[in-house]
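First the structure, which I've put down as structure tokens, then a few questions once you've had a look.
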Amino acid sequence: MYILFGILSLIVLLAAVLLIRTWMAKPTPAKTARVELCNDVRAKEYGERLAQMIRKETVSSRFDDDKTKFYEFHQILEELFPLIHQHCEKHVFNGSLLFKWSGKGKEEPILLMSHHDVVEATGSWEHPPFSGDLDEEGRLWGRGTVDTKASLFCILTAVEELLREGFVPEGDVYLASGCTEEFSGEGAPLTAAWLKEHNVHLKFLIDEGGMILEEPIGGVKGTYAMVGVLEKGYGDLKFIARGKGGHASAPGRNTPLVRLGQFMAAVEKKSPFTSRFSPTVLEMFRRLTPNMVFGMKLVFANLWLFKPLLAKLMPLISPPGAAMLHTTAAFTMAKGADGLNVLPQEAYVTANLRFIPHQPTDESIALISEMAKKYDLETEVLYKDYPCPVVDYQGEAFKLVERTIGEIYPGVGVSPYVMTGGTDAKYYKDVCDDCIRFAPLYIDKQQYESIHGLNENIYIGALPMGVDFYKKIVKSF
């Protein structure tokens, strides 16, 4: 009886602790904050100017070396931003741009960057993808509005207006825009190499990345600026199965395609990679927890208890959330025999990997290669790079961005997060320790989902706030 009473007492005590910790995570102002999207004269003027950039098709491809379209885009920029071209030192790296705005030399330089190439725009759009149409709701339509000509426009407009005011920054300000970001091409590496060659070490840089969203994660009721502070490494691997081949009328067992299929199913069922809550992810959930719905809040306010279970269940709950916890492997291409009735002597699949810092590139490759050996597969590394240094969310660069967001978007929450995709910022590791990945623009759920998809568009009312953000950044440092 005493043992049972003791167990029940412990259960009641545990429940009380869980509920108290959940109650203490009270909603923050971000729960009710709404971004005021002005639709004034300034927003319309910006929208019309950005439309000129959208109307120029700048689709990039690793299989097309002709950079004519990008040089034509440069001419549009020269017309839109004459003062930058008059007062800033300009460098062009096979279609990618770098401007140097000389300052007083009292501070380390900074870099503001956003690429101008875009992905293809197939499918049926409500507005043609390179129309630059502006509708009555204040949406500007076209490929590149979100990814990422709008943020490039805001960067260049901020500097153009500061030049018009006669402002001189305390340190040099660099502006970069690559034309090969969408396929991890040469633009950013060439730009970073030039900076390194000229002994430029940046105080910080701000590239594309997170944006301002309502309900950034399902069940989080609030508007948050998601600031990327960690970018995973990238790799493409090829797994090869060999066999005797032969006629498909008399197949043996464990032929190449079968072994590849077994291997892919095994990786999906039991990943060789370890999930771990990094300090960045823990801080992200700490900031998001107060505005979660009750069930989620109960779990995330008590990670001291639920963390091991959550690490296992996250892939089922939220694949994007799970990708922040471990290395991911996505199988992308496959090839077998060339004939419909032929058993292949050789078959292969490729996998795209994104490497987490706690199991970085070489360790993750070794783990999945060892798993592949169990199915008599060879592993070939087609490409690999390494996770980027993590920006300290308590450091000066992050705090500056956080303060600036608070001034431009009062009441909006700010959270660090893990970039699961790639950016050009990864190439600047040798010249910058603090690479912030954030575009200061409000977008809604449809606009977020339109990135690399159909009907990409942006509110022109978000543009003035984006311009003001970059102005404050330049003036603050």
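The values are calculated or read from the model by the stated rules, or taken from the named source; none is laboratory data. These numbers come from a predicted model, not from an experiment. Positions of Cβ are backbone-derived with ideal geometry, glycine not excepted, and every protein chain shown enters the neighbour counts. These accessible areas exclude ligands, DNA and RNA; they are computed on the full protein's heavy atoms, side chains included. Shrake-Rupley method; radii C 1.70, N 1.55, O 1.52, S 1.80 Å.
Inside segment 233-251, can you point out the residues that are outside any strand (DSSP E or B) and either in contact with a helix residue (DSSP H, G or I) (Cβ under 8 Å, 6 or more places away or on another chain) or without any contact (Cβ under 8 Å) to a residue 60 or more places away in the chain (or both)? Steps first, answer last, please.
Applying the first criterion (outside any strand (DSSP E or B)) to segment 233-251 yields 243-245, 248-251.
Gly243, Ala250, listed by residue number.
If I filter segment 350-361 for residues that are part of a helix (DSSP H, G or I) and out of contact with any helix residue (DSSP H, G or I) (no Cβ under 8 Å at 6 or more places or on another chain), do I get at least one hit? Please lay out each step first, then the result.
Pass one, segment 350-361, residues part of a helix (DSSP H, G or I): 361.
From the residues that got through so far, the ones that are out of contact with any helix residue (DSSP H, G or I) (no Cβ under 8 Å at 6 or more places or on another chain) too are 361.
Looking for residues that are part of a helix (DSSP H, G or I) and out of contact with any helix residue (DSSP H, G or I) (no Cβ under 8 Å at 6 or more places or on another chain), one finds at least one in segment 350-361, hence yes.
Give just the number: which of (1) surrounded by fewer than 16 Cβ atoms within 10 Å (Cβ to Cβ); (2) polar (S, T, N, Q); (3) closer than 28 Å to Thr379 by Cα does Ser249 not satisfy?
Here Ser249 clears every test but (3).
Inspect segment 277-287 for any residue being in contact (Cβ under 8 Å) with a residue 12 or more places away in the chain, aromatic (Phe, Trp, Tyr) and assigned to a loop (DSSP other than H, G, I, E, B) and give the result as yes or no.
Scanning segment 277-287 turns up at least one residue that is in contact (Cβ under 8 Å) with a residue 12 or more places away in the chain, aromatic (Phe, Trp, Tyr) and assigned to a loop (DSSP other than H, G, I, E, B).
Considering each residue of segment 362-374, count those that are assigned to a helix (DSSP H, G or I) and either open to solvent by 70 Å² or more (accessible area, probe 1.4 Å) or touching an Asp or Glu at 6+ places or on another chain (Cβ under 8 Å) (or both), and give that number. Quick ask: steps written out before the conclusion?
Of segment 362-374, the ones assigned to a helix (DSSP H, G or I) are 362-373.
Remaining after also requiring either open to solvent by 70 Å² or more (accessible area, probe 1.4 Å) or touching an Asp or Glu at 6+ places or on another chain (Cβ under 8 Å) (or both): 362-363, 370, 372-373.
The number of residues fulfilling the criteria is 5.
Among the listed residues Leu83, Leu134, Leu111, identify the single one that is crowded, with 24+ Cβ neighbours inside 10 Å, aliphatic (A, V, I, L, M) and touching a residue at least 60 places away in the same chain (Cβ under 8 Å). Talk me through it step by step, then tell me what you get.
On the way: Leu83 fails: crowded, with 24+ Cβ neighbours inside 10 Å; Leu134 fails: crowded, with 24+ Cβ neighbours inside 10 Å.
Being crowded, with 24+ Cβ neighbours inside 10 Å, aliphatic (A, V, I, L, M) and touching a residue at least 60 places away in the same chain (Cβ under 8 Å) holds for just one of Leu83, Leu134, Leu111, which is Leu111.
Please work out if Leu213 is touching a helix residue (DSSP H, G or I) at 6+ places or on another chain (Cβ under 7 Å), within 24 Å of Gln394 (Cα to Cα) and at pLDDT below 95. Before you say what the answer is, go through the steps one by one.
Values: touching a helix residue (DSSP H, G or I) at 6+ places or on another chain (Cβ under 7 Å): yes; within 24 Å of Gln394 (Cα to Cα): yes; at pLDDT below 95: yes.
When the stated conditions are applied, Leu213 passes them.
Can you say whether Leu305 is in contact with a Gly (Cβ under 8 Å, 6 or more places away or on another chain) and either open to solvent by 10 Å² or more (accessible area, probe 1.4 Å) or free of Cβ contacts under 8 Å to residues at least 24 places away in the same chain (or both), as far as the supplied structure shows? Show your work before the answer.
Numbers: in contact with a Gly (Cβ under 8 Å, 6 or more places away or on another chain): no; either open to solvent by 10 Å² or more (accessible area, probe 1.4 Å) or free of Cβ contacts under 8 Å to residues at least 24 places away in the same chain (or both): yes.
For Leu305, the condition - in contact with a Gly (Cβ under 8 Å, 6 or more places away or on another chain) and either open to solvent by 10 Å² or more (accessible area, probe 1.4 Å) or free of Cβ contacts under 8 Å to residues at least 24 places away in the same chain (or both) - is not met.
Could you please find all residues in segment 451-464 being in contact with a strand residue (DSSP E or B) (Cβ under 7 Å, 6 or more places away or on another chain), part of a helix (DSSP H, G or I) and not small (Gly, Ala, Ser)?
Passing the criteria: only Ile460.
Still on this model: Just name the residue that is most open to solvent (accessible area, probe 1.4 Å) out of those in segment 375-401 that are of a type in the set (Asp, Glu) and within 30 Å of Lys203 (Cβ to Cβ). Spell out how you get there, then give the answer.
To start, the set of residues in segment 375-401 that are of a type in the set (Asp, Glu) comprises 376, 378, 380, 385, 392, 396.
Still in the running and within 30 Å of Lys203 (Cβ to Cβ): 385, 392, 396.
On the way: Asp385: 21, Asp392: 80, Glu396: 132 Å².
That would be Glu396.
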